[in-house]
Amino acid sequence: MEKRKFRLFFSDKQEETWLNQMATAGWQLTKIKGLLYYFTNQKPKYIYRIDFLDPQAFKTKQQDYINFIEETGAEKIAQSGQWIYFRRPAVQGDFQLYSDNDSKLSYLKRIRRQILLTTLFPLPLIQMLMTDISNGNSGWARYFGLGFFVLFELFLLVKLSTLSIRIKKLIAS
């Protein structure tokens, strides 16, 4: 039996927790397409971990990392952009992708760098819309677009703030 779930996550921790709750309930992830998660009702139960590959790394280096994780008994189950999903049978015990603070810090900094780059993308569009509106070319679509991009930027700034807090806590520990 297969089940599809539509989900949008704003936190890697929340997504990982949800995947593990689904696994505990007997639903094992089989693939991801966009915001759709596909599950089958099967045994054995798995433990899921999510990682963010370094977008600056060459594909061979990324593949070497995936091979290294798979040598621990985990398997790559899906990939969505730079996000990669691993699972390992629960009977083998818990597994962590990052066992030390330095590797956790590197992981969080990769995510932060990607969000910073994404934050820069809408800025020219916001400038263009504001110029257009100030020149008298107003319309609901321009206001809607401006509002959307401003809210998107605010969301990214909140995300950066929460990541910075996680990084500071990790450095302090």
Considering only the range 120-134, how many residues are out of contact with any Leu (no Cβ under 6 Å at 6 or more places or on another chain) and open to solvent by less than 70 Å² (accessible area, probe 1.4 Å)?
-> 6
Here are some conditions: (1) of a type in the set (Val, Ile, Thr); (2) open to solvent by 30 Å² or more (accessible area, probe 1.4 Å); (3) in a strand (DSSP E or B). THR72 meets all but one. Which one does it not meet?
-> (3)
Kindly indicate whether any position in the range 108-119 is in contact with a helix residue (DSSP H, G or I) (Cβ under 7 Å, 6 or more places away or on another chain), open to solvent by less than 80 Å² (accessible area, probe 1.4 Å), of a type in the set (Ser, Thr, Tyr) and not in a loop (DSSP other than H, G, I, E, B).
-> yes
Check on GLN21, assigned to a helix (DSSP H, G or I), in contact with a Leu (Cβ under 8 Å, 6 or more places away or on another chain) and either at pLDDT below 95 or of a type outside the set (Asp, Glu) (or both) = no
Restricting attention to the range 24-48, report how many residues are within 23 Å of GLU70 (Cβ to Cβ) and in a loop (DSSP other than H, G, I, E, B).
-> 4
Please tell me if ILE77 is under 23 Å from LEU156 (Cβ atoms) and not in a loop (DSSP other than H, G, I, E, B).
-> no
Read through the list (1) open to solvent by 60 Å² or more (accessible area, probe 1.4 Å); (2) touching a strand residue (DSSP E or B) at 6+ places or on another chain (Cβ under 9 Å), then give the number of the only condition that ALA90 fails.
-> (1)
Scanning the range 49-59 for residues that are open to solvent by 100 Å² or more (accessible area, probe 1.4 Å) and either closer than 23 Å to GLN28 by Cα or in a helix (DSSP H, G or I) (or both) gives LYS59
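Do you know which of the residues in the range 135-173 that are aromatic (Phe, Trp, Tyr) and open to solvent by 60 Å² or more (accessible area, probe 1.4 Å) is farthest from PHE10 (Cα to Cα)?
Looking at residues that are aromatic (Phe, Trp, Tyr) and open to solvent by 60 Å² or more (accessible area, probe 1.4 Å), I get TRP140.
Just one of ASP64, ASP102 is at pLDDT 90 or above, more than 23 Å from GLY26 (Cα to Cα) and open to solvent by 30 Å² or more (accessible area, probe 1.4 Å); which is it?
ASP64
The values are calculated or read from the model by the stated rules, or taken from the named source; none is laboratory data. Everything quoted here is computed from the prediction, not taken from an experiment. Methodologically, a virtual Cβ is constructed for each residue, glycine included, from the backbone with ideal geometry; neighbour enumeration extends over all protein chains shown. SASA here: full protein model, heavy atoms, side chains in, ligands and nucleic acids out. Shrake-Rupley method; radii C 1.70, N 1.55, O 1.52, S 1.80 Å.
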